[in-house]
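**Q** Can you read through this structure? Questions will come right after.
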Amino acid sequence: MDTASSDSVGKSKPVCQCAPKSAVQRWLPGFPIALCLLMSLSSITVCLLMSFKTFQLENRLQMEMDKASISHPPHRAFLNEDGTLIPELSTSIGKLVEEKVVVLMPKVRTARDVGPECSCPPECMCVSFSMRRGIMAPNPV
């Protein structure tokens, strides 16, 4: 190690003869900071873009609602003075509700008359059940 004299007292300091750092070694410590900065800027950009798009959508929705209020009568036209539906709508809505209730109600299944030895589901034809009838059919289960 070479020494260079730095002051007049005679003390010497070691001089480092290290190789110069490459570009990658110089920029590597700043990479996480640059990455965080890039991610922050991109999130701010996305936030501003989404705010702008939301603003445009709200304006379009407001224009459509203004158009609809002009072309369609208000909901009060379907109501009587006391707040009930007019009879023409009441009957058709009642029919629709009844159809929907019939479709959505659970179906009632009747129990089968089968002996205690068979515990198969109704769509299954058991071998023992078929044998009692005199029919030989394999068990489909």
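The values are calculated or read from the model by the stated rules, or taken from the named source; none is laboratory data. All values reported here derive from a predicted model rather than from experimental measurement. In this analysis, Cβ positions are derived from the backbone assuming ideal geometry, glycine residues included, and neighbour counts consider all displayed protein chains. Just so you know, the surface numbers come from the protein's heavy atoms only, side chains and all, with ligands and any DNA or RNA stripped out. Shrake-Rupley method; radii C 1.70, N 1.55, O 1.52, S 1.80 Å.
**Q** Name the residues in region 76-101 that are over 39 Å from the mean Cα position of the chain (by Cα), open to solvent by 70 Å² or more (accessible area, probe 1.4 Å) and of a type outside the set (D, E, K, R), would you?
**A** The one that is over 39 Å from the mean Cα position of the chain (by Cα), open to solvent by 70 Å² or more (accessible area, probe 1.4 Å) and of a type outside the set (D, E, K, R): PRO87.
**Q** Just one of (1) at pLDDT below 75; (2) open to solvent by 100 Å² or more (accessible area, probe 1.4 Å); (3) not aliphatic (A, V, I, L, M) trips up GLY115, so point out which.
**A** For GLY115, the exception is condition (2).
For every residue, the table says whether it meets (1) at positive phi; (2) touching a Gly at 6+ places or on another chain (Cβ under 7 Å); (3) aliphatic (A, V, I, L, M); (4) modelled with pLDDT under 65.
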| site | (1), (2), (3), (4) |
| --- | --- |
| SER5 | no, no, no, yes |
| VAL9 | no, no, yes, yes |
| LYS13 | no, no, no, no |
| SER22 | no, no, no, no |
| ILE33 | no, no, yes, no |
| MET39 | no, no, yes, no |
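**Q** List every residue pair whose Cβ atoms lie under 8 Å apart, where the two residues are 6 or more positions apart in sequence or sit on different chains, the first residue falls within region 61-81 and is under 23 Å from ILE93 (Cα atoms), and the second residue, located anywhere, is outside any loop (DSSP other than H, G, I, E, B) and at pLDDT 75 or above.
**A** Filtered contacts from region 61-81: PHE78/LEU85; PHE78/LEU89; LEU79/LEU85.
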